[in-house]
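Below is one structure, written out as structure tokens; the observations come after it.
The values are calculated or read from the model by the stated rules, or taken from the named source; none is laboratory data. These numbers were taken from a predicted model, which means no experiment stands behind them. Cβ: placed from backbone, ideal geometry, glycine included. Neighbour counts: every protein chain shown.
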Amino acid sequence: MPAFSLDPSQTAWCAELRDLAAERLRPLADKGEPGHVNRPLVAELGRLGLLERLFASGALDLCLMRESLAYACTEAETALALQGLGAHPVHAHGTRAQREHWLPRVAEGSAVAAFALSEPGAGSDAAALELRAEGDAAGDGDGDGEGESPAAEPDGPARWRLTGEKCWISNAPEADFYTVFARTTPGAGARGVTAFLVPADRPGLTGTGLDMLSPHPIGSLTFDAVPVTADDVLGEPDRGFRVAMGTLNLFRPSVGAFAVGMAQAALDATLAHTAERDAFGGKLRDLQTVAHQVAEMALRTEAARLMVYAAATAYDEKAPDVPGRAAMAKLLATETAQYVVDSAVQLHGARALRHGHLLEHLYREVRAPRIYEGASEVQRGIIAKELYKNMEAGQ
């Protein structure tokens, strides 16, 4: 893959996004209640056309949006990303009825989406899902996927009943619909999982918020014989794992972009602080140890950015090595951001730990991306698997 650089229009767009995030999104984020969906913020993302762009652009555009928004407003970045994560399976695999009912509402910011994959006993091991989609003897399952818009009750007789629990679900329990992954064939591992679009008002579906280190809601969902039909399936029965992995292959590089945005914000704050701060008869920047630390922060941030862009470009070009590249980008960028933000806090000293300081905020925000959408250890496993697969294929 050739060396990567943004063209002038992309660079200008990123600058515009940073300004919008600071001027229009940051004030709305500050008014939000931690642990709850900030619907005015989501609606503003819709008015700005950013949510619609989730479905009209490729992985690189998604990365540029997430990096730029994260630089000035991590809450806006996360709100946009969660809309994309929850709704992308509908965009990519949904029926006409599903797409026409939900995607315009997601794009305008009036409907909140969520991606419900993780379970109490199946976080990193997504193929070990236990949420059961049990056949309903009373249902005929004859839906063709092109019927009327989904409602609280399924349009036709239930084909399956969902029973079990999901946990660590972003936007739960406040989302308007969930992309849910459930086991339709017991004992079949990844080959027995089906993806469903489940409206939040479906009978038997309840949720509870979790008290997490996060500004957006994260909760658990309980499914008590929740009825679903063939019209609720995303993709094909027993092929839902592909829906999940395809979504994650798109969004993992953009998690890296989120991390790069935070790292750049921390780096820029550190440059300003060390250039102005008096210490030991000069400025902090004059100390060699400080200068070398800042150089290392910049080096790692730029390396992570380039890997993120390369992975996104590979996805857009439908390259065969997307899973490995996506895992590398997510791993390097999130680990780098943790290092850069931690280093920035160290160079700022105690002031960086005061509530309301940018770095205090970033220090809380930067930890979670190393876990969600596959922890760093999972990414290393994916990378190794892809390396050995390529070796055995003679590539």
Residue 57 fails exactly one of the following numbered conditions: (1) in contact (Cβ under 8 Å) with a residue 40 or more places away in the chain; (2) within 26 Å of residue 333 (Cα to Cα); (3) among the small types (Gly, Ala, Ser). What is the number of that condition?
(1)
For segment 52-94, the count of residues that are crowded, with 24+ Cβ neighbours inside 10 Å and among the hydrophobic types (A, V, I, L, M, F, W, C) equals 14
If a residue has to be in contact (Cβ under 8 Å) with a residue 60 or more places away in the chain and in a strand (DSSP E or B) to count, how many in segment 221-254 make the cut?
9
Scan segment 174-217 for residues that are at pLDDT 95 or above, surrounded by 15 or more Cβ atoms within 10 Å (Cβ to Cβ) and more than 21 Å from residue 245 (Cα to Cα) and jot them down.
174, 175, 176, 199, 200, 202, 205, 207, 210
Among the residues of segment 95-134, how many are within 17 Å of residue 169 (Cα to Cα), crowded, with 17+ Cβ neighbours inside 10 Å and hydroxyl-bearing (Ser, Thr, Tyr)?
1
Give me a count of the residues in segment 32-48 that are free of Cβ contacts under 8 Å to residues at least 24 places away in the same chain and touching a helix residue (DSSP H, G or I) at 6+ places or on another chain (Cβ under 7 Å).
1
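Restrict the check to segment 274-293 and report whether at least one residue is surrounded by 23 or more Cβ atoms within 10 Å (Cβ to Cβ), of a type in the set (Ser, Thr, Tyr), in contact (Cβ under 8 Å) with a residue 12 or more places away in the chain and not assigned by TED's automatic domain parsing to the domain that holds residue 14. Talk me through it step by step, then tell me what you get.
As a first pass, look at segment 274-293 and keep what is surrounded by 23 or more Cβ atoms within 10 Å (Cβ to Cβ): none.
The answer is no; no qualifying residue exists.
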Only one residue in 308, 341 is closer than 23 Å to residue 272 by Cα and either at pLDDT below 95 or among the β-branched types (Val, Ile, Thr) (or both). Which one?
341
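Each row is one residue, and each column tells you yes or no for (1) touching a residue at least 60 places away in the same chain (Cβ under 8 Å); (2) part of a helix (DSSP H, G or I); (3) hydroxyl-bearing (Ser, Thr, Tyr); (4) in contact with a Gly (Cβ under 7 Å, 6 or more places away or on another chain).
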| position | (1), (2), (3), (4) |
| --- | --- |
| 325 | yes, yes, no, no |
| 328 | no, yes, no, no |
| 341 | yes, yes, no, no |
| 348 | yes, yes, no, no |
| 351 | no, yes, no, no |
| 356 | no, no, no, no |
| 360 | no, yes, no, no |
| 363 | no, yes, yes, no |
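The rows are residues; the columns are (1) modelled with pLDDT under 90; (2) in contact with a Pro (Cβ under 8 Å, 6 or more places away or on another chain); (3) of a type in the set (A, V, I, L, M).
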position: 77; (1), (2), (3): no, no, no
position: 84; (1), (2), (3): no, no, no
position: 93; (1), (2), (3): no, no, no
position: 97; (1), (2), (3): no, yes, yes
position: 106; (1), (2), (3): no, no, yes
position: 117; (1), (2), (3): no, no, yes
position: 130; (1), (2), (3): no, no, no
position: 138; (1), (2), (3): yes, yes, yes
May I ask you to verify whether residue 35 is of a type outside the set (Lys, Arg) and touching an Asp or Glu at 6+ places or on another chain (Cβ under 6 Å)?
no
